[in-house]
C-alpha cells in the first residue's frame, strides 16, 4: 500500500563541504521548472498546441532566505565557484490502511550561481530577512531514496523517474 504524504516534518540545508548552513529561515522557495515550448499549428491540427521541447527549460531559481546577515549567506554568493547545496528533509506520511505515522527522506541537491543578493532590513529587535537567489545549473531530487528528477543544464542530462529523457537525442547529435 502506498503511504499518504502529510507534511514536510523538518529540513536542513548543507553546503558542498557537508556543513549545515547557519541562519537559514524556515522556508526555502524551490525552483519552478517551466518547459520551453513552441507553437504547433498547421494542416490537420485544430488550432494551436503549445508543445514542450524535451529537456529544455527556462531560467529556474531557488531562493534561500536568511533570518539575519550570517557568514553562510556570503559563502554562497561566490559566482566564480558555484556552490552545491543539499536540502535534506523528512516527509511525514501515514499508512492509510493502519493510520500508522512514518517518515521517508527527501533530498534536493542544487548547484547554481548567486543571481540576487538581498541583504534585508536593519530594524531594532527584528529579523533582517536577507536572501540569496541562485540560478539553477543542476538539480537532483530524491524521494524515499529514489531519483525522481535530475537536470544538469550544462551537461545535457535530464532524467525523470529513472528514465534518461535525452538518451535518443544525444545518440543523434
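The values are calculated or read from the model by the stated rules, or taken from the named source; none is laboratory data. Since this is a predicted model, take the numbers as computed values, not measurements. A quick note on method: Cβ atoms are made from the backbone with ideal geometry, for glycine too, and the neighbour counts reach across all protein chains shown.
Scanning the range 116-157 for residues that are over 23 Å from residue 10 (Cα atoms), at pLDDT 95 or above and over 14 Å from the mean Cα position of the chain (by Cα) gives 154, 155, 156, 157. Residue 161 meets all of the listed conditions (1) over 30 Å from residue 53 (Cβ atoms); (2) loosely packed, with under 15 Cβ neighbours inside 10 Å; (3) touching a strand residue (DSSP E or B) at 6+ places or on another chain (Cβ under 9 Å) but one, namely (1). The lone criterion from (1) more than 14 Å from the chain's Cα centre (by Cα); (2) in a loop (DSSP other than H, G, I, E, B) left unmet by residue 105 is number (2).
Among residues belonging to the range 43-73 that are closer than 20 Å to residue 153 by Cβ and not in a strand (DSSP E or B), point out the one that is nearest to the chain's Cα centre (by Cα). Only one residue fits best here, namely 60.
Can you find even one residue in the range 97-107 that is modelled with pLDDT of 95 or more and within 21 Å of residue 57 (Cα to Cα)? Looking through the range 97-107, none of the residues is modelled with pLDDT of 95 or more and within 21 Å of residue 57 (Cα to Cα).
Checking the range 61-78 against the condition returns a match, with at least one residue being in contact with a helix residue (DSSP H, G or I) (Cβ under 7 Å, 6 or more places away or on another chain) and under 15 Å from residue 134 (Cβ atoms). Scanning the range 4-42 for residues that are in contact with a helix residue (DSSP H, G or I) (Cβ under 8 Å, 6 or more places away or on another chain) and assigned to a loop (DSSP other than H, G, I, E, B) returns 15, 21, 22, 23. Evaluating residue 81 against the criteria (1) touching a strand residue (DSSP E or B) at 6+ places or on another chain (Cβ under 6 Å); (2) part of a loop (DSSP other than H, G, I, E, B) leaves one unmet condition, (1).
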